[in-house]
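One structure is given below, encoded as structure tokens.
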Amino acid sequence: MLVALNQADELVTLRSHDQARRLFGQSFRCPACKGELRIKNGAQLIAHFAHKDNACSASSEPESETHLAGKWWLAKFGEQLGDAVALETYYPPIQQRADVVWQHHGRPRILEFQCSGISPERLQVRTVGYQSLGLEVIWIACPAYITRWPGAKQARFLQCSKALGFHLWQLDPQAKVLTRLQLTGPAIVETQYRQGLPPQTRRREYIESLASRAKALQLALVHRAPAVMKLQEQASAQGRNLAGAPWLIHMQLRHLPGLDAPEWAMRAAWLLTFQAQPIKKAAEAAFWRQYSSVRAPQLPEGQLQSAIRRQWLEVLTQAGLLQETAAGWQWLRVPQWYQTIDEKLQALGQARQG
């Protein structure tokens, strides 16, 4: 903790080791639970307050150096942007303490710098708590969650807006870099923010080959992954081999984390469901509702599925396979399945030579 109440019930923000030495011996209390605090001013961590009994439900202690440093970095960056900044504001109606609050264009913006482990369910509860007070909240991942290509672990931080699309935030206090990742589909647009410097943006393309994706599916079958074997049973009932699924299931992926099935698997299941029949709108919409996005708790249920669905229908339409009608969609031609992975790979090679 960096903020406490003194004996006069005034909020005191601990800003330095020198200040901590000057305040040592005075009495401080937690703004949330009113429990007694002590000043910790060692050589390893930023000077901070800590509960004497660790019994406060609004705080998570002990705090790491990363978490303390990250809160300070966000506070200073907000001030640099011209916002009024407050550290560790406590909201009694929901019994939650925000890491940092920026007053952005007259509206409070909550910044939560998440360093400890948190389940998607718990993150959703805290998000809903802030939203019940009409507060915008942005969750920012610490270095423990940072990865080059976001996956299931990072999905809990995934947000979506009209201006930015699907995106998430990461902060490395040691490197002093705040990063925004925009997930555009074929690439990640990465924008880095440093104090006192203009933002820097670069684009990172997904470069995994189609052959690698097809071989990964085959490997999952070899290892008999339960979800893949269930899909193989559905394919076998139609006389098909999942490893020979049409190449389109691997193409132009949306690369959005957070759903309970891989994107290629949803596409393959869609083909097995609808390839032999007319596609009615109600049945097609119901198909996507079988998938859950609980790993992405900041998004409305159905938003991820809708984005992946739109991409898939666009892929089929652009390939000249599907045409929309008043009732749904009709097949113009059926995508080709292959008997084996070798036949599938051979067809890819021939297409490239042609």
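The values are calculated or read from the model by the stated rules, or taken from the named source; none is laboratory data. Note that the structure is predicted; figures quoted are calculated from it, not measured. Ideal geometry is used to build each Cβ from the backbone, glycine not excepted, and the neighbour counts take in all protein chains shown. Areas reflect the complete protein model, heavy atoms only, side chains present, ligands, DNA and RNA absent. Shrake-Rupley method; radii C 1.70, N 1.55, O 1.52, S 1.80 Å.
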Inset, instruction - Would you mind computing the Rg to Rh ratio of region 1-135 from its alpha-carbon coordinates, Kirkwood style for Rh? - result: 0.95
Legend entry - region 245-329 - convex hull of the alpha-carbon atoms, volume per residue in Å³: 91 Å³
Inset, instruction - Whole number in Å², please: accessible area per residue of region 230-280, 1.4 Å probe, ligands, DNA and RNA not counted. - result: 38 Å²
Legend entry - For Ile138, residues with placed amide H under 5 Å, excluding near neighbours: Ile110, Leu111, Glu112
Legend entry - GNM flexibility winner over the chain from Val222, Val315, Val294 (Cα, springs under 10 Å): Val222
Inset, instruction - Compare Asp83, Asp18 by solvent-accessible area with a 1.4 Å probe and give them largest first, with all protein chains kept in place. - result: Asp18, Asp83
Inset, instruction - Pop out the ³J(HN,Hα) list for region 121-129 in order, Karplus 6.51 cos²θ - 1.76 cosθ + 1.60 with θ = phi - 60°, rounded to Hz; leave Gly and Pro as x. - result: 5, 5, 4, 5, 4, 5, 4, 4, x
Legend entry - Cα-based reach from Lys40 at 13 Å (exclusive), listing aspartates and glutamates while leaving out same-chain residues under 8 positions away: Asp18, Glu61, Glu63, Glu65
Legend entry - Solvent-accessible area, 1.4 Å probe, carbon plus sulfur percent, for the chain: 51 percent
Inset, instruction - Report the longest stretch of the chain that contains none of the GluC sites (Glu not before Pro) sitting in a DSSP loop with at most 14 other Cβ atoms within 10 Å. - result: 11-207
Inset, instruction - Read through the labelled values (i) 1.47; (ii) 0.97; (iii) 1.25 and report the label of the one computed as Cα Rg over 2.2 N^0.38 Å from the structure. - result: (iii)
Legend entry - For Gln7, net neighbour charge (Lys/Arg +1, Asp/Glu -1) across residues whose Cβ lies under 12 Å away: -2
Legend entry - 3J(HN,Hα) from dihedral phi, region 93-103, Karplus parametrisation 6.51/-1.76/1.60, rounded to Hz, x for glycine, proline: x, 10, 6, 10, 10, 7, 4, 9, 10, 9, 8
Inset, instruction - Mind checking the per residue accessible area of region 152-196 for me, 1.4 Å probe, whole number of Å²? - result: 40 Å²
Legend entry - Hz values of 3J(HN,Hα) by residue in region 255-267 - Karplus curve (6.51, -1.76, 1.60), Gly and Pro given as x: 6, 9, x, x, 8, 8, 8, x, 4, 4, 5, 5, 5
Legend entry - Given the chain, longest segment not containing exposed loop trypsin sites (Lys or Arg not before Pro) (DSSP; at most 11 other Cβ within 10 Å): 53-147
Inset, instruction - Identify, among Ser27, Thr13, Gly151, the residue whose Cα sits farthest towards the positive end of the charge dipole of the chain, taking +1 on the Cβ of Lys and Arg and -1 on the Cβ of Asp and Glu, with the dipole about the Cα centre. - result: Gly151
